[in-house]
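Colleague: Sharing a structure with you now.
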Amino acid sequence: MKKILLAVAVVLALATTVRAENIKIRFGILPVIDTLPLQVADREGLFSRHGLDVSLVRFMSALERDTAMQAGQIDGYFGDLVATYLLLDRGVPMHIVLTSWRTTPGYPMFGIALSPAGRDRTLAEMKGRTLTLSKSTVMEFLADKLEDRFGVGHDYFERVEVKKLPIRLQMLLTDQMDAALLPEPLLSLARLKGGSVLTTAENLDLPLTVLCLHKQYFDNGGDAYAKFMAAYGEAVRLLAENPEKYRPLMAETCRIPKPLISRFPVYPFPAPALPASSELAEVQDWMVAQGLLKKRVPDAVALPPEIK
C-alpha cells in the first residue's frame, strides 16, 4: 500500500510540475468573428499542448479591453490596428504577433448597409445622405478607404457618430439613418431585416485586426511567442480542414444571431504572419492625418524582435 501511495504521489507531483511549467497568458478578446481561431485553440486544448496556460478574457467593449491592457490586467489582446497603435503610442509594452484578419474577397467583415427605406439607392443617390459610424476608429479608416475606392471625396456622406453597434443597427433599420458602417454578422442581419448592402471592404487588401503579446513573451529566445504562434497556426489549420465542425463554437462565442447560424459562412483565416511594414505605415499615416498620432510608431516598437 505504501508503494502504491508513493507512486500516486510521484505521478501527482510530476503532473503539478508540468502544469507549473506552462507559461501563463491572460489574453483579452471580444465576442467577434475574428477571434474564432483563438476559441478553437482554447476548446481543442492546443495552447496547453504547446506548453501554454492561456486564459481568454472576454470583454464586451474595446474600451474595456484597452483599459485592461494598459493597466497590465491582461498579457495580450485581439484588436484592430488603429486601437493597437493608440496603445503602443501610450507606451504599452507589447508587440504585434500576427494578422488575425485581413480583407478577403468573398468574405466581407465590414461594409456599408442601407436602410430598408433606401435599400435600392445607388452610390450616386447616396451623396450627402447620412452614414453612421464610430469616428477616429478603424471604422472611419475604412470609410475613407471605401470612398477612395469609389473615387469620391471623404465628405461624400454626412457622417454621424454612433459608437454603440446595436444602436447604430437599430437607427438604420428604423430608417433614422440612410446607411451604417457595420461589421459582420450585423451586416448580414441588416440585409435579413430588410436593408441591403451598398459595398463591403472585402477587396481592399488590408490587414484589419491583429493579435498582440506583452514584450516579456519575447524574452529567452521568444519561446513563449513561438509556442503561441504554433498553437494558433494549428487552430487555423483545423478550421480550414473542417470548418463546419466549428459552426456551433462560432455561434456560441462570436455572437451570431439565431436567424443566421445555419447560413453564415465559417471564414477562412490567414496563416500566422505579420502585416507588411508598408501596410502598417498606411494605417499610421491616416492616424497622423487625423491627429490620433503625432508621429509614426517605429517598427522596432510595434513588431517583434528578430528571434534567433
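The values are calculated or read from the model by the stated rules, or taken from the named source; none is laboratory data. Please read these numbers as outputs of a predicted model, since none were measured by experiment. Virtual Cβ from ideal backbone geometry, glycine too; neighbours counted across all protein chains shown. The area values use the complete protein model at the heavy-atom level, side chains included, leaving out ligands, DNA and RNA. Shrake-Rupley method; radii C 1.70, N 1.55, O 1.52, S 1.80 Å.
Colleague: In region 206-223, what count of residues is obtained for those that are open to solvent by 10 Å² or more (accessible area, probe 1.4 Å) and assigned to a helix (DSSP H, G or I)?
Modeller: Here the count works out to 7.
Colleague: If you don't mind, another one. Could you check region 228-247 and list, in sequence order, the residues that are open to solvent by 20 Å² or more (accessible area, probe 1.4 Å) and either closer than 10 Å to Val40 by Cβ or not aliphatic (A, V, I, L, M) (or both)?
Modeller: Correct list: Gly233, Glu234, Arg237, Leu238, Glu241, Asn242, Pro243, Glu244, Lys245, Arg247.
Colleague: On to the next question. Show the residue pairs meeting these rules: Cβ distance below 7 Å; 6+ apart or different chains; first residue within region 123-136 and on the phi > 0 side of the Ramachandran plot; second residue open to solvent by less than 70 Å² (accessible area, probe 1.4 Å).
Modeller: Ser136/Leu292
Colleague: If Asp175 satisfies all but one of (1) under 21 Å from Ala124 (Cα atoms); (2) open to solvent by less than 10 Å² (accessible area, probe 1.4 Å), what's the number of the condition it fails?
Modeller: (2)
Colleague: Are any residues in region 239-263 of a type outside the set (Lys, Arg) and free of Cβ contacts under 8 Å to residues at least 60 places away in the same chain, and if so, which ones?
Modeller: Across region 239-263, the qualifying residues are Ala240, Glu241, Asn242, Pro243, Glu244, Pro248, Ala251, Glu252, Ile261, Ser262.
Colleague: Between Gly76, Gly51, Gly72, which is modelled with pLDDT of 95 or more, in contact with a helix residue (DSSP H, G or I) (Cβ under 6 Å, 6 or more places away or on another chain) and over 20 Å from Leu249 (Cα atoms)?
Modeller: Gly51
Colleague: While we're looking at this one, here's another question. Go through (1) over 28 Å from Asn242 (Cα atoms); (2) at pLDDT 95 or above; (3) in contact with an Asp or Glu (Cβ under 8 Å, 6 or more places away or on another chain); (4) open to solvent by 10 Å² or more (accessible area, probe 1.4 Å) for Leu87 and report which single condition fails.
Modeller: (4)
Colleague: Same structure again: Given the residues Val301, Val297, which is the only one that is over 24 Å from Leu52 (Cα atoms), of a type in the set (Val, Ile, Thr) and open to solvent by 30 Å² or more (accessible area, probe 1.4 Å)?
Modeller: Result of the check over Val301, Val297: Val301.
Colleague: Then there's this: Please go through region 148-158 and pick out each residue that is crowded, with 18+ Cβ neighbours inside 10 Å and closer than 27 Å to Leu30 by Cβ.
Modeller: Selection gives Phe157 alone.
Colleague: A further question on this structure: Considering each residue of region 248-270, count those that are over 18 Å from the mean Cα position of the chain (by Cα) and open to solvent by 20 Å² or more (accessible area, probe 1.4 Å), and give that number.
Modeller: 7
Colleague: From the residues in region 178-200 that are closer than 16 Å to Pro265 by Cβ and of a type in the set (A, V, I, L, M), which one is least open to solvent (accessible area, probe 1.4 Å)?
Modeller: Leu187
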